[in-house]
Structure formats: structure tokens, C-alpha cells
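A.B. asks: Below you'll find the structure I mean.
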Amino acid sequence: MNIIIKRFIAFALSFALVIVPSYAVYDPNPKHSKWFQDSIVNDPTVKSTVEVKANRNYPVTVVDPQTGAKDTITKNQKSTIKVPASAAKVGKRLLRGGVAGVIGAALYDILGKSVDWVLDPDNNAVKYTENEVQQCKVTSSGFGYPNGSNITIAQSEALSGGTYIGLSSGGRPKFSTPDGVVTSGILSCTPEPVDKSLPIEDVADKVIEQADDGQAPAMEVIRDSALDELEAGELDDQLESKAEPKQFGPNEYDPGTEPNPENPTDPENPTDPENPTDPENPTDPENPTDSENPNPDPMPTEWPAFCDWATPVCDFIDWVKAEPEQTDTEIDLQEPDEEPTDTNFDFGGSC
């Protein structure tokens with residue numbers, strides 16, 4: 001019978017794992033409020049670093065040491081930290097848009113000229129178009145090339161003795177030579193647009209340099225980047241480490257650390273870690289069985305909260321464990337009458 005009961009319990013428990021509702025994970029230290037900015041300013045010395053001042057309100061449970069009465073109050077903390085700019089954070093801010101002037105100025109410093117550009121968030125880049133020429137037409141004979149023939153820029157560099165650096169306003173190629181910049185008078189080149197791109201972090205690095213140089217638009221982008229971090233909660237740990245006053249004083253604690261209703265434990269009456277038994281009902285740690293009942297019933301009839309929702313299961317188990325009703329199980333078997341047997345044997349004969 002015990003085997004039947006154990007198998008039924010195993011089945012019932014496996015069924016319980018399926019239908020018992022799940023509960024949210026209990027967070028013993030929830031964040032009660034976010035940090036809000038008081039001010040965000042560029043550091044006067046390193047202008048790409050931002051000083052962030054912020055504050056937050058949060059609840060605290062206060063225990064009266066005399067009466068033990070509890071009250072919940074709201075406290076305020078302030079914190080000041082310095083946040084250096086990073087290309088990744090500033091690049092993320094640039095990709096949000098609204099800073100065309102800053103991006104255009106950064107591209108001009110990087111490329112040495114103005115270009116048409118667009119943001120490419122999918123690839124974390126800035127796409128731009130640059131006019132380049134590969135083929136030029138000879139407009140007058142000379143230098144060994146007949147009039148009207150096509151030559152490459154590499155060939156035209158050889159003709160001019162310099163390095164191609166772009167087109168003049170008239171569309172003729174310009175070359176940098178040891179004697180200065182010259183324009184060839186024998187070539188007519190038509191520029192063709194070529195699509196290119198720069199990683200957004202390269203552009204952000206240039207914006208950080210411009211901020212350090214004191215350029216106001218770039219400094220503003222650096223501040224906006226720090227504000228994005230603050231609002232996203234990415235500065236919380238730094239702010240917590242510098243916060244004043246400290247979060248909890250004497251007789252104060254986080255309301256979120258009160259006993260979990262799903263698994264209650266009284267924080268004011270913890271068990272002794274060296275003797276975790278109930279002090280009101282101790283057991284011998286060397287012999288953990290109940291001294292008043294050294295042979296407890298291995299299958300108690302009192303069930304845990306499982307029976308609150310699985311009553312039929314528990315009722316069935318109690319029914320199986322119940323003592324069977326006593327009935328008259330004695331059977332009267334009458335012995336057959338036996339005739340006495342003469343145990344004396346008469347053997348005839350003589351000695």
C-alpha cells in the first residue's frame with residue numbers, strides 16, 4: 001500500500017508543477033525612484049567632460065527604537081559626478097539627429113571640404129557623396145596626346161608633374177606640384193559623384209576634439225550625451241556611490257526588504273545561524289528527531305498549503321491511510337469428530 005501512496009503523491013506533485021500559478025520574482029532592493037538632473041555643465045578645464053548634478057526621492061521605513069513603531073518617510077539624496085565623453089555615447093547621440101551643423105563641421109575637418117551627407121543609423125555611419133574624376137579629355141594637342149583623346153587622372157598627374165587635388169571652378173583638374181597648385185590648361189574633366197561613408201564613432205571623435213577646443217555646438221552635444229545616459233539610468237551606480245546623505249541611517253531600512261508575502265521571514269526575529277531550529281520547539285541537533293515522538297509517522301496526515309487547492313488529492317491520501325474498518329475475520333472451522341483409535345496392538349505369538 002505504501003508503494004501505491006508514493007506513486008500517487010509523485011503523480012500529484014508533477015501535476016502541481018503544471019497548474020500552480022507563477023509569481024513575480026521578489027526584488028529585495030527595488031529602485032524606488034530615478035535620478036533627475038539639477039545641472040549638467042561642461043568641465044571648465046576638460047570641456048569634453050561633463051559635471052552632472054542630480055537628486056532623487058525615495059521611501060524609507062523608520063523604526064522607533066523605543067516603541068518599535070514603524071513609519072514610512074520620503075528622503076532626498078543629491079549627488080555630483082563627472083562623466084567623460086566617449087565616442088560610442090556621443091556617436092549614439094549624433095545618430096538621433098538634430099545636430100546637422102555639428103556633423104557637417106566635423107566632416108569638413110575630417111575631409112578638408114564640404115560634402116553632401118546623410119545619417120545611416122542601420123550601419124552606425126554617415127554616408128556622404130564626394131565628386132571624383134577618373135577620366136579627362138585632352139582639349140588641345142600636346143604632351144604626346146592627340147586632341148580629343150581621353151586620359152586618366154594618373155596620366156594627367158604625369159603631365160602636370162603633380163598630384164591631383166580636385167577640380168577648379170571651371171571643371172579643370174588642379175594639381176599640387178613642388179611649385180604650388182597648378183591648373184592644367186589642356187584637360188577638361190567632368191566630375192562624377194562617388195558614395196562613401198564614415199563610421200559614426202570617427203565623426204564623434206572629431207566632435208569631442210572640437211568640444212575640447214571650446215566650440216560651443218560640440219560642447220552642447222557632449223552635454224546632451226551625458227543627459228541621455230542619466231535618463232537611461234546608465235549613471236545610477238556612479239551617482240549612488242557619491243550620494244549624500246547615505247541611503248539609510250540608524251533604525252532605517254528599505255520598505256522593499258520587508259518579508260516576502262510568498263515566503264515570509266521575520267527580519268526582526270531571525271533564527272540563530274548556528275542553531276537554525278525553532279527556539280520554541282527545539283530538537284537535539286545531534287539527534288534531530290522529535291524527542292517526544294522518536295518514530296514519527298513518515299506519512300503525516302497534516303499536509304502543507306498544497307492541500308488548499310488540491311483537496312481531493314489529500315482527501316484520497318488520507319482515506320488510503322485510514323485504518324480499515326474492523327470486521328469479524330475469524331472463521332469457525334469445526335474439526336471432524338474422530339473416533340478414538342486403539343493404540344494397543346496385539347501381536348499374536350510367543351517368545
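A.B. asks: Please list, short to long, the whole-number percent of alpha-carbon pairs of region 93-164 in consecutive 10 angstrom bins beginning at zero.
C.D. replies: So the P(r) values, bin by bin, are 17, 32, 18, 20, 12, 2.
A.B. asks: Under 18 Å from a point 7 Å along the Cα-to-Cβ line of S33: which residues of region 71-85 have their amide N that close?
C.D. replies: Only 71-80 pass the distance filter.
A.B. asks: Distance between Cα centroids, region 78-108 to region 179-219: provide it in whole Å.
C.D. replies: 19 Å
A.B. asks: Quick one: 3J(HN,Hα) in Hz for region 97-108, Karplus 6.51/-1.76/1.60 with θ = phi - 60°, rounded, Gly and Pro as x.
C.D. replies: x, x, 10, 4, x, 5, 5, x, 5, 5, 5, 4
A.B. asks: Given K47/K206; K113/K206; K89/K113; K127/K174, which pairs have Cα atoms separated by over 21 Å? List each step's numbers first, then the result.
C.D. replies: On the way: K47/K206 14 Å; K113/K206 15 Å; K89/K113 26 Å; K127/K174 25 Å.
From the list (K47/K206; K113/K206; K89/K113; K127/K174), the Cα-Cα distance tops 21 Å for K89/K113; K127/K174.
A.B. asks: Applying 1/(1 + (r/R0)^6) with R0 = 41 Å to the Cβ-Cβ distance of I165 and V46, what FRET efficiency is obtained, to the nearest 0.05?
C.D. replies: Working: r = 36 Å, r/R0 = 0.88.
In this case the efficiency is close to 0.70.
A.B. asks: Tell me the trypsin sites (Lys or Arg not before Pro) within region 87-149 that lie in a loop according to DSSP and have at most 13 other beta-carbon atoms within 10 Å. Please report the intermediate quantities before stating the final value.
C.D. replies: On the way: sites: K89, K92, R93, R96, K113, K127, K137; in loops: R96, K113.
Within region 87-149, the qualifying trypsin sites (Lys or Arg not before Pro) (loop, at most 13 other Cβ atoms within 10 Å) are R96, K113.
A.B. asks: Quickly work out the D237-to-N123 label distance, labels modelled 7 Å from Cα along the C-beta direction, and quote it in nm with one decimal.
C.D. replies: About 3.4 nm, to one decimal.
A.B. asks: Follow-up. What residues qualify as long-range amide H neighbours of E132, i.e. H under 5 Å apart, gap of 5 or more or another chain, H built at 1.01 Å from N?
C.D. replies: E192, V194
A.B. asks: So if we plug the beta-carbon distance of K82 and S149 into 1/(1 + (r/R0)^6) with R0 = 51 Å, what FRET efficiency do we get, rounded to 0.05? Show your work: numbers first, answer last.
C.D. replies: Values: r = 64 Å, r/R0 = 1.26.
Step by step, r from the Cβ atoms, then E = 0.20.
Read-outs: derived from the displayed coordinates by stated rules, not from any lab. Quantities reported herein were computed from a predicted structural model and do not represent experimental measurements. Backbone-built Cβ (ideal geometry, glycine too); neighbour counts: all protein chains shown.
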